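Single-structure report; data block below.
The values are calculated or read from the model by the stated rules, or taken from the named source; none is laboratory data. Since the model is a prediction, treat every value here as computed from it, not as a measurement. In this analysis, Cβ positions are derived from the backbone assuming ideal geometry, glycine residues included, and neighbour counts consider all displayed protein chains. For accessibility, only protein heavy atoms count, side chains too; no ligands or nucleic acids. Shrake-Rupley method; radii C 1.70, N 1.55, O 1.52, S 1.80 Å.
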Amino acid sequence: MMTPRTKAPSLASLCIKSLKLQLLQNLYELPSELLEGVVAHLPALALHNFQTHMPFNCCLDSYESGDDCLINNGRKRARNDVLGNSWKVLFELRWPEFIDHVESPADWQHLYWEKHLQNCVDEAAEVALRPTFSGRICSINVSDNILRYICHDDHMTCPKCVCKELSFHFRTFGPYLRCLRLLNVLCVTEISELLRKSKLQRLVLRWIRSEKHVEPLCKLLIQSRDTLTSLEFIHCKLSSNSINAICASLHEKGIHTTGMQRFSIKTSSIEIDPLAAPSSFIAFLMSVRTLHSLHFCDGNLDRHIARMVFSTLLDSSSNLSSLDLSENNISGWLSTFSWRSVVGSPSSGKSLRSLCKLNLRGNELDKYDAENLAYALLHMPGLESLDLSGNPIEDSGIRSLISYFTKNPNSRLADLDLENCELSCCGVIEFLDTLSMLEKPIKFLSVADNALGSEVAEAIVNSFTVSIESLNISGIGLGPLGFLALGRKLEKGSKKLLSINISKNRGGQETARFLSKLIPLAPRLISVDASYNLMPPESLLMLCDSLRTAKGDLKRLDMTGNSCINHKADHSTLLSEFQHSGEPIFVLPSSLASHVPYDDDP
């Protein structure tokens, strides 16, 4: 049987192609000022083709050579002011809400096609989710809503338009793709072929809940293993076999290095038997030296899985800087470690020595966990940030932290979150007194949402007048007496304080009096949250007088939810008088609903 041959192009099609190339060549020979005018009016696909076929000797004003050029098949695709500005205009026309979030300098052509492909993928996922869909992913047609941004109208309506199929977009613009979000419905065999030209660096997977999605995903991971640096799973259900296969795809056996820097599983279900841990998962944690960030946030982890992860990291060779185990239920996870016997051992805690950030928020940790953690922290000499919020460690737990700081006065810990930890006034006062004596004091501290009362005022003033740069004391029950005490104790200036959150403390008029005294004494203060403090109308005038006399750099003062803000009054004069870099300093409620006073009564 004869094999079918590829149909040769007709003479007419060859002539048309030759004519197009000749016309394009004539276009490049226009004077630069005329050429710039043409470029400024090209749609995205035409601009892409213009740049792709640009001759090496084509000259535009403001042309820049060197690293900002791309040589491709002997032709030069210049990254210069003219072309760059054209891509920026096209990006802003299509996604105006994102233009301010792009960091400079930016490769606007790269950003344009990367975001374009993400739009195409999101739209294809909607089509593939329809019960009636039964075709191939690559054959899905891109909608006119997307095509109108890259093509002329007559090109879109042409029955032979090749840019309608999804495969065209990945074949043409795939090399620009570095970051991608994929739904489970697109984790099919052909996705690897679609992304063959892409060099993925960051991949986010959503709703992977079946083994049928894991196999195509693993094929994609193997294909992208040399370039992939970040992998994130959200709303997924990952079995032990799935995690083993995924990690095996990322980590080639016998090779101890890979480019993976960030591995994250969030708001998902992780089903691992800690007594039979996936071997490839363990090998991945043990051997990936480039791994900097490991997140298992809200992953239904229990103490056994958390213990297995932590014990593996103790002997791993990675340079981990961030570990997030938040929003799980891991109470007791450190109870079996013999910290007293291993502390100081040169072979223990290899990867934990590089750890800078540890997030244990909302894990039901109690005072016994805090005691064990105090020993574990000695394995983390580089730790700078610790989040223990939402854990009922009580005063016994905070005293374990006091013990840690006493034994380790040179601790680098600078950011500590103890919000909603069921602490009392006595425990916090003792803790703040300890912090004031450290050689390297805490810079960022939160004790918000603990029932501390007004008695804690003196210790709080001492903390932010000595060392603390950012303090969150929201909802600690200060009341008018607490703010009165704060004001009386505030005698020295606070030269280091940058931000303070005193919201939800029901301080009334005393809140404004305290702030009026604080603002002139804190020249570096840039942000104050005084929302929901039941401040009366005269408080606003008091704060305005303080701002007029202050010589600081305050950028934001949140007054939301205070009765001093009358929603019927015209605050335009207030907003125009007190500004920083053209933005109002006062944050006022925008609707009547936000004027409802905060009620923290049960």
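Descriptive notes on the structure:
- Rolling a 1.4 Å probe over the protein heavy atoms leaves LYS443 with an accessible area of roughly 90 Å².
- Residue-by-residue Karplus 3J(HN,Hα) for the range 177-184, coefficients 6.51, -1.76, 1.60, Hz, glycine and proline x: 7, 10, 10, 8, 10, 10, 7, 4
- Global form of the range 471-575, assessed from the alpha-carbon gyration tensor, a/c cut-off 1.5: oblate
- Remark: the range 366-426 carries a charge dipole of roughly 360 debye about the Cα centre, counting +1 on each Lys and Arg Cβ and -1 on each Asp and Glu Cβ.
- Modelled spin-label separation between ASP144 and SER279, with each label point placed 7 Å from Cα along the Cα-to-Cβ direction: 5.8 nm.
- The charge dipole of the range 186-261, taken about the Cα centre with unit charges on the Cβ atoms of Lys, Arg (+1) and Asp, Glu (-1), comes to about 120 debye, rounded to the nearest 20.
- Rounded to the nearest 20 debye, dipole of the range 302-447 from Cβ charges on Lys, Arg, Asp, Glu: 680 debye
- Prolate/oblate/rounded call for the range 261-311, Cα gyration tensor, a/c under 1.5 rounded: oblate
- Shape of the range 129-242, Cα gyration tensor, a/c cut at 1.5: prolate
- Gain upon complete extension [LEU438, LEU42; 0.36 nm per residue less C-alpha separation]: 136.3 nm
- Between ILE526 and SER581, the modelled labels are 0.7 nm apart [label points 7 Å from Cα along Cα→Cβ].
- Paramagnetic label reach from ILE99 (point 7 Å along Cα→Cβ; backbone nitrogen cut-off under 19 Å): within the range 108-144, residues 108-116.
- GluC sites (Glu not before Pro) within the range 458-514, DSSP loop, no more than 10 other Cβ atoms inside 10 Å: GLU491
- Spin-label model, ASN49/SER269: points 7 Å from Cα along the beta carbon direction are separated by 5.0 nm.
- For the range 173-202, the residues whose backbone nitrogen is under 16 Å from a point 7 Å from the Cα of HIS110, taken along Cα to Cβ, are 173-180, 198-202.
- Modelled FRET efficiency - R0 22 Å, ARG130 with ARG181, Cβ distances, 0.05 increments: 0.65
- Total lysine pairs whose alpha carbons fall under 20 Å of each other in the range 146-297 (8 or more apart, or interchain): 7
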